[in-house]
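S.K.: I am attaching a structure below and will ask some questions about it afterwards.
The values are calculated or read from the model by the stated rules, or taken from the named source; none is laboratory data. These figures come from a predicted structure and were not determined experimentally. Backbone-built Cβ (ideal geometry, glycine too); neighbour counts: all protein chains shown.
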Amino acid sequence: MPENKNECVVEKKFLTENNKQIGDTIRLEVEDAKNDDGEDIKYLSEDNLTIVGTVQSPLYISRDRGTSSLGAGKVNYYIYITNDNINAKDIYTNIYLKLNNSEEYTTSSEKYEDYVEDVKNDIEEIKEEREKARYDTLRKKAEDKVNDAEKELNEQKSDAESEIAKAEKKLNEAKQDIKKAESEIKTNKQKADTEFKNAEKEITKAKEELQKKEEELIAKEKQLNSLPEVSEAIKLELDQAKKEVENAKNEISKNETQLSKTKQTTNDQIKNAEKEVEKAKQELQKGEKELSKNKKEFEEKIADAEEKLKDARDKINDIEMATWYILDRNANAGYVGFIQDTDSIANIGRVFPVVFFIVATLISLTSMTRMVEEQRMQIGTLKALGYNRKQITLKYIIYAGLACIIGGILGMSIGFVILPKVIWLMYGMMYELIDIEIEFNLLFGGLGLILISVCILGATIYTVLKELRHQPSVLMRPKAPKSGNRVMLERIPFIWKRLNFSKKVTVRNLFRYKKRFCMTIIGILGCTSLILAGFGLKDSVKQIIPNQFENVFVYDMQITLKDDIAENEKEELIKELDQEERIEKIAKTYMTSGKVYNGENSEDVQIIIPETEEQLDGIIYINDTKTKNKISMKENEICLTDKAAQLLGINAGDTITLEDSDENKVEVKVSNVVENYVQHYVFMTKETYEKLYETKYETNVILTKNIELSEEEADRLATNIMDKSQVASVSNIASALKTIEDMMSLLNYVVVVLIVSAGLLAFVVLYNLANVNISERIRELATIKVLGFYDKEVYNYVAKETVILTIIGIILGLAFGFFLNYYILETCEINMLRFPKIIHGISYLYAILITVVFTVIVNIVTYFSLKKINMIESLKSVE
Amino acid sequence: MSYIEFENVNKQYKMGEITIDALSKTNFQIEKGELVVIVGPSGAGKTTALNILGGMDTATSGKVIVDGKDVTTLKGKELIKYRREDIGFVFQFYNLVQNLTAKENVELATQICKDSLDPDKVLEKVGLKDRKNNFPSQLSGGEQQRVAIARAIAKNPKLLLCDEPTGALDYKTGKQILKLLQNTCRKGNITVLIITHNTAIAPMADKIIYFKNGKAEKIEINQNPTPVEEIEW
């Protein structure tokens, strides 16, 4: 058993088929799982696993693992790992229950089924509550999560919004500032301009004044100049004035320079301020742009988040109601197959042993009577010597008793040990089984032994006592040969006269030994009929598959759609399938399981409702059992397959109760009983269904007829379709067919065993009878040998009778075998299957040939026994 | 050369570890058409000699010549053929086929022989004309033995071998049977051998062979055979 995370155990088949050994490492890929919170988590914590051993799982006893809704829909292997290695521990999909005291009941027995059913019903009662609880948990978790997310989102939203508001405010402030600055600049400029203008005006005024003064000065100078003598004072005054003007001029120019300098500075200042404003403006613009971008982003994000939130909300609504499937062993295909196989063998076991037992008893009976009769003389001697009846009888009782006990022990060791082992071995080809537990069945063993002992001892005692009635003297002489008699046929001279001598002799002899006559015929009849029944059974079993899948279900693939997929998705899938080149034709159907009731009795059925009846053409043929003709479905009536009809005793025209999977019961008339060989089906039209159950028809299964595909291609197609999201499962009829065929091959082995046993039994019967024949008629045969009959003639003398008896036996055997086969099929039939009641011509031929071969072998032995007859001894014995 | 010659015939039976000499150097001759009676105590080898002569048994050594044919050299089918064509047997207990009528018992023999006689005529000869459609169980012992003789002679054999033919019959019937055999020999010119332990009937024969301890101890030739009617015992 795996102990560490990185260990696993596999099945033996995995090792052999993949060339692996214990100790090798494999990589296991598992799809991620979702935990309860809906998060994906890695399923395994360790992918690389070391194989530490092999196991056998009772869940997969069949070599065929059944279908899966994953991958190509087939289970190839199973593997067990430790619990530690699984991350998704809180996700359980299965719970296996072991019921208390269930081991007290044999699996699949009625008691077991009842016991399990009880528990199932109990669980069924808490089912709804638990389903709801699980659903609520999941829903609550999801809701909480969504609510949290919403809260967070809202918080984030408000945060973001306030930030945006802040930013907007800032921007606005900046805008205001810029405006203010601009207007300031403007006023300052204007002010400066006016000031400058005033200053310039003043300067101009001063200049004008100065010019005036200069001109006055110049005029004065001129005057002065014109005046020859000018007082020094005046001159001084003038110079003074000149100097003043000059000063003023300087002043003005100084002022002018000052002014232009100031102007320059002011202009520069203004320009700077303007530049700054410009910069601020640009920044503002940038800010605004960013803000709007952020705003947009934010809005998108919010919208996104809200969308997601909505999705999450929707998903919560999508959370499917948890469903508990309460299944018992009958849900395991391998188990069911195994039980059905054992049932079929058990059924065969009901019929064949009886026939075998009867024949075996007959042989033993004749052997014992013959032995006693042959020892007639010894009985006479013993009686003459003075032994009493009890003592003599006891001798033979002990002999017969010992034969019964020894034979019984041998038979039981074969019957209870070897045969079960052989059959188990054959089962091993189909199923993975543990070693068989051999059990001594006291009832069958004891009953069989007692029955055969009673028969044989009774016959022995009867014969001995019969002989003992005679006087010793009589006993010591050979039994008087049976006197001859005329036979019926001699009274019909018309026929009798036409027979030649040897034929007459043969006819007379045939009727002379009536016991042997009957025994031989019964023996050969038994042999032929058992062999025929065996072959017939094989024929029938072989015919089930072709009948079902060539005459009834001719589709290639069954595609089951997921529940609750949207109508448009469904249509899309149908369209895709329609366009798929490998698919020739599709039929849309609604399939559901149901139950047909007739009074108390019920049978599980599959209800198939095609969207339109025409779609079933070339997909499923609905043929009437009696007329074998294709029928069309009637309004408000259903077609029921014939095995179910037979089991429930329903005929066409009867009214039955049909229950659908939701346990709605409706009464409906059966219009036709239709041909079918595997499982039970009910067919009805869409309209009928809608009317009966007052629900709308909804396609859930699509059946397809494909073009000719190889097995691989068919598998590939199935995988392709399986990958589509709308599809729940795809099953290929071809692979289903193989499974059933495998199952049937098992039955074939059983049939072979039967045929071989029947043949051997027949051989023993015939050989025994041939010996009886010779020993009873030894004097007669010796006589004709003395008369000079050649060996061949002696042989013919006897064999003619054997041949005639064989022919009669074979003819009767074929007739009896036909009915035996019919009877066996009726009793052996598994409820789910309809065995076609056919026996191929070749099987009749086989039955005849095998019987003839055995007869020939026996006759060859007879020929040599006849040749060995010692005439002298045989004729002398009288003295 | 005689019609039948027994020359130094030995017959040994092995019973486990003991070897029994049934015949040791037996010699005798029989001429064609003779009626021979072989007498001797039980265990003297009479029957063995008869069986060898009749092709039912083979000699261990020695020669048995019948009509110039060495019977000892015959094997398998030839021996059967010899029995079939040359020999007629009559037994003490008749050995009739119970399931066949008197006539059918005769037919059983005639249908396999080439030169067979007509069964009806033979039955008439043995005096069973009216009983030919009866089954053996409906016939008396003597009648049954007569059917057996009829069956044997109907084959038209060279040799009629009778092993104690009167052993199971009363005196009167026995006499009738012996008469029949004598007549058969005389009228039918068939060589007849009769084995008996009753020496009294020896005078009816042409030749009497006395057996003792596996040997033909004494051979007497009777020139004047007595008719059966005159023999009493």
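S.K.: Please tell me if A:T802 is of a type in the set (S, T, Y) and within 14 Å of chain B (Cβ to nearest Cβ).
M.R.: No.
S.K.: Would it be correct to say that B:L117 is in contact with a Leu (Cβ under 9 Å, 6 or more places away or on another chain) and either closer than 24 Å to B:G141 by Cα or surrounded by fewer than 20 Cβ atoms within 10 Å (Cβ to Cβ) (or both)?
M.R.: In short, no.
S.K.: Also, I was wondering about something else. Given the criterion over 30 Å from A:S540 (Cα atoms) and at pLDDT below 90, identify the matching residue among A:N651, A:N664.
M.R.: Among A:N651, A:N664, only A:N664 is over 30 Å from A:S540 (Cα atoms) and at pLDDT below 90.
S.K.: I'd like to know if region A:438-448 contains one or more residues that are touching a residue at least 40 places away in the same chain (Cβ under 8 Å), more than 14 Å from chain B (Cβ to nearest Cβ) and in a loop (DSSP other than H, G, I, E, B).
M.R.: no
S.K.: Would you confirm, using the coordinates I've provided, whether B:A49 is under 18 Å from A:I872 (Cα atoms) and within 16 Å of the chain's Cα centre (by Cα)?
M.R.: yes
S.K.: Taking region B:198-222 as the region of interest, how many residues are closer than 19 Å to B:G167 by Cβ and either assigned to a helix (DSSP H, G or I) or touching a helix residue (DSSP H, G or I) at 6+ places or on another chain (Cβ under 8 Å) (or both)?
M.R.: Count: 8.
Condition check ((1) surrounded by 21 or more Cβ atoms within 10 Å (Cβ to Cβ); (2) of a type outside the set (F, W, Y)) across all residues:
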{"site": "A:A770", "(1), (2)": "yes, yes"}
{"site": "A:I778", "(1), (2)": "no, yes"}
{"site": "A:K785", "(1), (2)": "yes, yes"}
{"site": "A:Y790", "(1), (2)": "no, no"}
{"site": "A:E793", "(1), (2)": "no, yes"}
{"site": "A:Y797", "(1), (2)": "yes, no"}
{"site": "A:T802", "(1), (2)": "yes, yes"}
{"site": "A:T806", "(1), (2)": "yes, yes"}
{"site": "A:I810", "(1), (2)": "yes, yes"}
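S.K.: Please return the ranges of strands (runs of 3 or more DSSP E) entirely within region B:22-99 where 3 or more residues are more than 8 Å from chain A (Cβ to nearest Cβ), in contact with an Asp or Glu (Cβ under 8 Å, 6 or more places away or on another chain) and over 18 Å from B:N213 (Cβ atoms).
M.R.: B:61-66
S.K.: Let me ask something else. Out of B:G33, B:G45, which single residue is in contact with a Phe, Trp or Tyr (Cβ under 9 Å, 6 or more places away or on another chain) and either on the phi < 0 side of the Ramachandran plot or surrounded by 18 or more Cβ atoms within 10 Å (Cβ to Cβ) (or both)?
M.R.: B:G45
S.K.: Working only within region B:179-233, note down all residues that are surrounded by fewer than 21 Cβ atoms within 10 Å (Cβ to Cβ), modelled with pLDDT of 85 or more and among the hydroxyl-bearing types (S, T, Y).
M.R.: Selection gives B:Y210 alone.
Yes or no, residue by residue, for (1) at pLDDT below 85; (2) among the aliphatic types (A, V, I, L, M); (3) farther than 17 Å from A:D604 by Cα:
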{"site": "A:K626", "(1), (2), (3)": "yes, no, yes"}
{"site": "A:N636", "(1), (2), (3)": "no, no, yes"}
{"site": "A:A645", "(1), (2), (3)": "no, yes, no"}
{"site": "A:Q679", "(1), (2), (3)": "yes, no, no"}
{"site": "A:Y689", "(1), (2), (3)": "no, no, yes"}
{"site": "A:I702", "(1), (2), (3)": "no, yes, yes"}
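S.K.: What number goes with the only condition from (1) basic (K, R); (2) more than 30 Å from A:V422 (Cβ to Cβ); (3) surrounded by 12 or more Cβ atoms within 10 Å (Cβ to Cβ) that A:R329 does not pass?
M.R.: (2)
S.K.: What is the number of the single condition among (1) in contact with an Asp or Glu (Cβ under 9 Å, 6 or more places away or on another chain); (2) under 21 Å from B:K132 (Cβ atoms); (3) more than 14 Å from chain A (Cβ to nearest Cβ) that B:L180 does not meet?
M.R.: (1)
S.K.: Could I ask something else about it? Testing A:N347 on (1) at pLDDT 75 or above; (2) part of a helix (DSSP H, G or I), one condition comes back false. Which one is that?
M.R.: Among (1) at pLDDT 75 or above; (2) part of a helix (DSSP H, G or I), the lone unmet condition for A:N347 is (1).
S.K.: Filter region A:152-205 for residues that are of a type in the set (S, T, Y) and under 60 Å from the mean Cα position of the chain (by Cα) and give the result.
M.R.: A:S158, the sole residue that qualifies.
S.K.: Being within 14 Å of chain B (Cβ to nearest Cβ), of a type in the set (D, E, K, R) and in a helix (DSSP H, G or I) is the filter here; which residues of region A:484-531 pass it?
M.R.: Correct list: A:E490, A:R491, A:K503, A:K504, A:R508, A:R512, A:K514, A:R516.
S.K.: Scan region B:210-233 for residues that are more than 14 Å from B:S42 (Cα to Cα) and in contact with a Phe, Trp or Tyr (Cβ under 8 Å, 6 or more places away or on another chain) and report the count.
M.R.: Residues that pass the stated criteria total 5.
S.K.: While we're here: Return only the number of the condition from (1) in a helix (DSSP H, G or I); (2) crowded, with 24+ Cβ neighbours inside 10 Å that B:G174 does not satisfy.
M.R.: It is condition (2) that B:G174 fails.
S.K.: Determine which member of the set B:T191, B:T199 is farther than 23 Å from A:R486 by Cβ and over 14 Å from the mean Cα position of the chain (by Cα).
M.R.: Going through B:T191, B:T199 in turn, just one is farther than 23 Å from A:R486 by Cβ and over 14 Å from the mean Cα position of the chain (by Cα): B:T199.
S.K.: Exactly one condition in (1) closer than 29 Å to A:N347 by Cβ; (2) assigned to a helix (DSSP H, G or I); (3) in contact with a strand residue (DSSP E or B) (Cβ under 7 Å, 6 or more places away or on another chain) is false for A:L577; which is it?
M.R.: (1)
S.K.: Which one is modelled with the highest pLDDT among residues in region A:705-720 that are assigned to a loop (DSSP other than H, G, I, E, B) and more than 20 Å from A:K588 (Cα to Cα)?
M.R.: The qualifying residue modelled with the highest pLDDT is A:E708.
S.K.: When region A:693-736 is examined, which residues are found to be of a type in the set (K, R) and surrounded by 15 or more Cβ atoms within 10 Å (Cβ to Cβ)?
M.R.: Correct list: A:K705, A:K724.
S.K.: Something else: I'd like the full set of residues that are within 9 Å of chain A (Cβ to nearest Cβ) and either modelled with pLDDT of 85 or more or within 28 Å of A:D791 (Cβ to Cβ) (or both), limited to region B:111-137.
M.R.: Scanning region B:111-137 gives B:Q111, B:I112, B:C113, B:F135, B:P136.
Okay, residues lined up against (1) within 14 Å of another protein chain (Cβ to nearest Cβ); (2) of a type in the set (D, E, K, R); (3) within 30 Å of A:I544 (Cα to Cα); (4) not in a helix (DSSP H, G or I):
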{"site": "A:V751", "(1), (2), (3), (4)": "no, no, yes, no"}
{"site": "A:N768", "(1), (2), (3), (4)": "no, no, no, no"}
{"site": "A:G788", "(1), (2), (3), (4)": "yes, no, no, yes"}
{"site": "A:V798", "(1), (2), (3), (4)": "yes, no, no, no"}
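S.K.: Shifting gears a bit: Go through (1) surrounded by fewer than 22 Cβ atoms within 10 Å (Cβ to Cβ); (2) among the hydrophobic types (A, V, I, L, M, F, W, C); (3) within 19 Å of the chain's Cα centre (by Cα) for B:L74 and report which single condition fails.
M.R.: Of (1) surrounded by fewer than 22 Cβ atoms within 10 Å (Cβ to Cβ); (2) among the hydrophobic types (A, V, I, L, M, F, W, C); (3) within 19 Å of the chain's Cα centre (by Cα), only one is false for B:L74: (3).
S.K.: If you check A:L812, A:L825, which single one turns out to be over 28 Å from B:V97 (Cβ atoms), in a helix (DSSP H, G or I), more than 14 Å from chain B (Cβ to nearest Cβ) and at pLDDT 85 or above?
M.R.: A:L812
S.K.: For region A:382-399, which positions are over 60 Å from the mean Cα position of the chain (by Cα) and loosely packed, with under 15 Cβ neighbours inside 10 Å?
M.R.: A:A384, A:L385, A:G386, A:N388, A:R389, A:K390, A:Q391
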